[in-house]
Amino acid sequence: MSFRKVVRQSKFRHVFGQPVKTDQCYDDIRVSRVTWDSTFCAVNPSFVAIIVEASGGGAFLVLPLHKTGRIDKSYPTVCGHTGPVLDIDWCPHNDHVIASGSEDCTVMVWQIPENGLSQPLTEPVVVLEGHSKRVGIVTWHPTARNVLLSAGCDNVVLIWNVGTAEELYRLDGLHPDLIYSVSWSRDGSRFCTACKDKSVRVIDPRRGTVVAEKERAHEGARPMRAIFLADGKIFTTGFSRMSERQLALWDTENLEEPMGLQELDSSNGALLPFYDPDTNVVYVCGKGDSSIRYFEITEEPPYIHFLNTFTSKEPQRGMGWMPKRGLDVSKCEIARWAWGHGEGGPPDPSKTFHDPPCSPGRFYKLHERKCEPIIMTVPRK
């Protein structure tokens, strides 16, 4: 048997994580202690936003990416909420607009000045009021401007027109219990949710109907997450009946049985999945873990292929994921042809050993008192 048949061929089998140097971290940040399974961090090519501890309300920091080192305790925050902030999300169409959901039952949309904050920001551009309980999830529509989804502990999903501050759709009665996660499909025509009743649902927001539903996607009682992949499949993380952490891949056309199911370990932190559609790699970060595992999703069984684990000493409180357009430009150009997306013929063989490594992603890992960027790299042959 040849060696090629023994080892599965993959461009990403040797992806590895590299923490940046200490002076490139964001130090002395009091990360929020609320017991909500949110990422607590949102990143775009201009800013990193981190939910922090705040007395008398809710606040989050917005730091320009270059402002590394020790962050002064008096550094201004976004602090208009009257209750702790539970989730934040940058607008994909405008790097200066961020939405926040809070325990005060409101969603607020903020305009961040060009160079970051010079004084505390207390006045949002828009306040969206429609939930009767705390708002734990906010996520922007991937393709339509000014469309924002929010999900609250009242089990209601609201889709807003941020420009006019009005409800576009109110999806009530589709979830009998707390909603753990919401993820838009690539084109934004549908979204999937993971609910405390252990069901994963695919919902058409225009019709307000459940298109597909899988009951007991994971048997365990602890929180699940579900995300849409580029090809329309759904990737979920959850717990087995024996409290072992699981990953599963589902075909929305047939949710009877998972396409792939893997058990990881018996730790109790919720698993947060991050997906890179360009490389079809899913990164799984456990709350309170000190590792990031990554898996390649392929067309052939067993569909979910373990690639590697990035391990560090410190446990993570939350995690931010940089969109592709925020990565190093020169490395992304190389990555395009290295991953088969290039144009104009094959690469010059004479340059193969001299090019820098491709960079498929960057994480912003929250510790108790700091935020540490981790660069994911594909080494050259």
Across (1) over 22 Å from Asp197 (Cα atoms); (2) open to solvent by 30 Å² or more (accessible area, probe 1.4 Å), Met242 clears everything bar (1)
Among the candidates Val182, Val210, single out the residue that is surrounded by fewer than 17 Cβ atoms within 10 Å (Cβ to Cβ) and in a strand (DSSP E or B). Val210
Quick one: would you say Pro124 is closer than 30 Å to Lys73 by Cα and either assigned to a loop (DSSP other than H, G, I, E, B) or free of Cβ contacts under 8 Å to residues at least 60 places away in the same chain (or both)? yes
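I'd like the residue in the range 1-53 that is hydroxyl-bearing (Ser, Thr, Tyr) and modelled with pLDDT of 90 or more and, out of all such residues, is farthest from the chain's Cα centre (by Cα). Give the derivation first.
From the range 1-53, those hydroxyl-bearing (Ser, Thr, Tyr) are 2, 10, 22, 26, 32, 35, 38-39, 46; that's our starting set.
If we keep only those that are modelled with pLDDT of 90 or more as well, we get 22, 26, 32, 38-39, 46.
On the way: Thr22: 24, Tyr26: 20, Ser32: 17, Ser38: 9, Thr39: 7, Ser46: 17 Å.
Step by step, filter the range 1-53, then rank; the result is Thr22.
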Restricting the range 147-175 to residues that are among the polar types (S, T, N, Q) and part of a loop (DSSP other than H, G, I, E, B), the one nearest to Thr35 (Cα to Cα) turns out to be Asn155
Condition set of a type in the set (Val, Ile, Thr) and in contact with a strand residue (DSSP E or B) (Cβ under 6 Å, 6 or more places away or on another chain), scope the range 191-211, selection nearest to Tyr180 (Cα to Cα): answer is Thr193
Yes/no for Thr106 being among the polar types (S, T, N, Q), farther than 30 Å from Lys21 by Cα, touching a residue at least 12 places away in the same chain (Cβ under 8 Å) and open to solvent by less than 40 Å² (accessible area, probe 1.4 Å): yes
Single condition Ile50 does not satisfy, out of (1) surrounded by fewer than 19 Cβ atoms within 10 Å (Cβ to Cβ); (2) assigned to a strand (DSSP E or B): (1)
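Looking at the range 250-264, is at least one residue farther than 17 Å from Thr309 by Cα, of a type in the set (A, V, I, L, M, F, W, C), in a loop (DSSP other than H, G, I, E, B) and open to solvent by 10 Å² or more (accessible area, probe 1.4 Å)?
Yes, there is a match, as at least one residue in the range 250-264 is farther than 17 Å from Thr309 by Cα, of a type in the set (A, V, I, L, M, F, W, C), in a loop (DSSP other than H, G, I, E, B) and open to solvent by 10 Å² or more (accessible area, probe 1.4 Å).
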When you check Ile98 against the structure, is it among the aliphatic types (A, V, I, L, M), over 23 Å from Lys21 (Cβ atoms), more than 16 Å from the chain's Cα centre (by Cα) and modelled with pLDDT of 95 or more, yes or no? no
Are any residues in the range 139-159 under 22 Å from Leu229 (Cβ atoms) and open to solvent by 30 Å² or more (accessible area, probe 1.4 Å), and if so, which ones? Pro142, Thr143, Ala144
Just give me the residues in the range 47-83 being touching a helix residue (DSSP H, G or I) at 6+ places or on another chain (Cβ under 8 Å) and closer than 21 Å to Trp140 by Cα, in sequence order. none
Go through the range 347-381 and report how many residues are modelled with pLDDT under 90, charged (D, E, K, R) and open to solvent by 40 Å² or more (accessible area, probe 1.4 Å). 5
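The values are calculated or read from the model by the stated rules, or taken from the named source; none is laboratory data. Since the model is a prediction, treat every value here as computed from it, not as a measurement. For neighbour counting, all protein chains shown are included, and Cβ atoms are generated from backbone atoms with ideal geometry for every residue, glycine included. Accessible surface is based on the protein model in full, side chains and every heavy atom, while ligands, DNA and RNA are left aside. Shrake-Rupley method; radii C 1.70, N 1.55, O 1.52, S 1.80 Å.
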